[in-house]
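The values are calculated or read from the model by the stated rules, or taken from the named source; none is laboratory data. This structure is a prediction, so every number in the text was calculated from the model and none was measured. Cβ atoms come from the backbone with ideal geometry, glycine included; neighbour counts cover every protein chain shown. Areas reflect the complete protein model, heavy atoms only, side chains present, ligands, DNA and RNA absent. Shrake-Rupley method; radii C 1.70, N 1.55, O 1.52, S 1.80 Å.
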Amino acid sequence: MEFFKQFDNGIKLVVNQMPSLLSVSMGILVHIGAAAETDSEDGISHFIEHMQFKGTSKRTAFQISDEMDRIGAQMNAFTSKDLTCYYAKSTTAHAEEAFDILADLFLNSTYPEDELKREKGVIIEEINMNEDTPDDLCLDLLSHAFFGERGYGRNILGSRENVSGFTKNDIKNYKNKYYVPGNIVISMAGNINTNIAEELVNKYFGNLRNSPCNKPRIAVELQARSLYKTKDIEQVHIGIAYPGLKRYEEKSDASLIMNAILGGGMSSRLFQKVREELGLAYTVYSFMSAYAETGSLALYAGVNAVRYEESVEAILNCIEDIKQKNISEEEFIRGKEQLISSQIFAQESSSSQMLLYGKELLYRGKVYNFKERIDQISAVTLNDVLDAVDVNFNGEKRAMSIVGAVDKPLSL
């Protein structure tokens, strides 16, 4: 059973009751992320996410984690291009205690100076780790090549210089702009009584004063560049991106099915050709990213360094074959079933449901409807997928990235 309530101050609550479970997942979602940051703010969404766990007016950083561990609960957070989420999962018996801790760190963090200094070092090491992880580096470089240095092209971690310089006032000013009730959704999924959920949100968030949240519209100007980074490593890492659909556009499901056919699984064109037939890669796949203003279809492969040019040719040949609309009924049915099953599998995870319901309400202003979603996917035809090919492979806007023992970019 689904429950929704919007409180007087603008906070929204959505609950998906899953009575067969013995646990509950709870999330606080804020509609802000790296893409909305200015140059001086670059990295601050992620920095704030870290600092929220570093002590409140009544708990130290250790007490936050210790109290969660004492009730056997799990807690974490993540930052994306347009979302920051703080979440916890606990047994039903300890849901109220877990939410008390989650709400405390979200609402009452004090950002002690010693913790501020220490966490800057932690995040700089995270940036260093990203630099030493060539697949992450390749996809970050691809974002820069495709979207540019700002907006959706920003690296979520930010720069070392910015992270080193962030202050407590920077955090408070940013939170005052975006951490406001009208920009927040609280989502719960699992075995929790809706009356208790409503009482908890009202208790901790009901007295928050709403204020305007003037989120900047993300400027999108696709760059269509090819970038490279030389790294003395064994593999060569390749990224290719094309323009995709915005979130919730008409052909979105057809595009997702097409992506499944191209590079979404072990039976996909990319996996079968590049890995199984040619033996050029261990990892090769494609994925869709959709935002309010734009979207992308991206491909990634970690390939044999000596034969990387052959790998690129094989990948582009797979794309060209898709562009010729050589898609069989069998491939279509398989891709469609993959998309349907992913929705069904998500029904069995309270964490997935918490995030799914939270995002739907945050992005779309609607309560997620499982039956409606399955009906939408089921209605997609092979002709819809063939039509989706035309809107996902604009060669004039193609971007590329390559990381490894190379001394030049890929040719566009």
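Assign unit charges at the C-beta atoms only (+1 for Lys and Arg, -1 for Asp and Glu), then state the dipole size of segment 203-313 relative to its Cα centre in Debye, rounded to the nearest 20.
Details: 14 positive and 12 negative charges, 148 e Å.
For segment 203-313, the charge dipole is close to 720 debye.
Restricting attention to segment 317-412, which GluC sites (Glu not before Pro) occupy a DSSP loop and are surrounded by at most 14 other Cβ atoms within 10 Å? It would help to have the intermediate numbers written out before the result.
Working: sites: Glu320, Glu329, Glu330, Glu331, Glu337, Glu348, Glu360, Glu372, Glu396; in loops: Glu348.
The qualifying sites are Glu348.
What full-extension length gain, to one decimal in nm, is calculated for Asn214 and Met1 as 0.36 nm per residue of separation minus the Cα-Cα distance?
Working: separation 213, 0.36 × 213 = 76.68 nm, distance 3.36 nm.
So the extension gain works out to 73.3 nm.
Treat every Asp and Glu Cβ in segment 333-409 as -1 and every Lys and Arg Cβ as +1, leave all other atoms uncharged, and give the resulting dipole magnitude about the Cα centre to the nearest 20 debye.
On the way: 10 positive and 10 negative charges, 39 e Å.
The calculated dipole for segment 333-409 is roughly 180 debye.
Once Cα extents along the principal axes in Å is worked out from the coordinates, which option in (i) 67, 51, 44; (ii) 59, 48, 38; (iii) 64, 50, 40 does it equal?
(ii)
Suppose R0 equals 35 Å; then what is the FRET efficiency for Ile233 and Glu320 from their Cβ-Cβ distance, rounded to the nearest 0.05? Write down the numbers at each step before the final one.
Working: r = 29 Å, r/R0 = 0.83.
Once rounded, the FRET efficiency stands at 0.75.
Output the DSSP H helices from the chain with an along-axis C-alpha extent of no less than 15 Å and a mean Kyte-Doolittle hydropathy no less than -0.5. List each step's numbers first, then the result.
Working: long enough: 95-107 (18 Å, 0.99); 113-131 (27 Å, -1.09); 134-147 (19 Å, 0.64); 168-178 (16 Å, -2.52); 194-205 (16 Å, -0.23); 252-263 (16 Å, 1.09); 308-323 (22 Å, -0.07); 329-346 (26 Å, -0.37); 382-392 (16 Å, 0.41).
Counting only whole DSSP H runs, the qualifying helices are 95-107, 134-147, 194-205, 252-263, 308-323, 329-346, 382-392.
Roughly how much of Cys85 is accessible, in Å² to the nearest 10, using a 1.4 Å probe?
That residue has around 0 Å² of solvent-accessible surface.
If you take the beta carbon distance between Arg364 and Glu329 as r and set R0 to 45 Å, what does 1/(1 + (r/R0)^6) give as a FRET efficiency, to the nearest 0.05? Walk me through the numbers before you get to the answer.
Values: r = 32 Å, r/R0 = 0.71.
The pair Arg364/Glu329 has a calculated efficiency of 0.90.
Set the Förster distance to 25 Å, then compute FRET efficiency between Ile344 and Glu125 from the Cβ-Cβ distance, nearest 0.05.
Working: r = 39 Å, r/R0 = 1.57.
Taking R0 as 25 Å, the efficiency between Ile344 and Glu125 is 0.05.
What is the distance, in nm, between label points placed 7 Å from the Cα along the Cα-to-Cβ direction at Asn195 and at Lys246?
So the two model labels end up 4.3 nm from each other.
Top to bottom by accessible area (1.4 Å), largest first, where do Phe53, Phe78, Phe106 land?
Result of the area sort, largest leading: Phe78, Phe53, Phe106.
Which distance in nm do the two modelled labels at Ser20 and Asp39 give, with both placed 7 Å along the Cα-to-Cβ direction?
Result: 5.5 nm between the two label points.
Around Glu277, with a cut-off of 13 angstrom between Cβ atoms, what is the net charge of the other residues, counting Lys and Arg +1 and Asp and Glu -1? Before the final figure, lay out the partial values.
Working: positive: Arg269, Lys273, Arg275; negative: Glu276, Glu310.
Net of charged neighbours comes to +1.
Can you give me the Cα centroid spacing of segment 313-371 and segment 238-308 in angstrom?
13
Considering only the other residues whose Cβ falls under 12 Å of the Cβ of Tyr111, what net charge follows from Lys and Arg at +1 and Asp and Glu at -1?
Values: positive: Lys54, Lys117, Arg118, Lys120, Lys168, Lys172, Lys175; negative: Glu113, Asp114, Glu115, Glu119, Asp170.
Surrounding charge for Tyr111 is +2.
Modelled label-to-label distance, Leu412 and Phe287, 7 Å Cα→beta-carbon offset: nm?
2.4
Helix-only mean residue ellipticity at 222 nm, the chain, DSSP H runs n ≥ 4 weighted -39,500 (n - 2.57), per residue, nearest 500. What is it? Please list the in-between numbers first.
Numbers: 14 runs with 169 residues, N = 412.
It lands at -13000 deg cm²/dmol.
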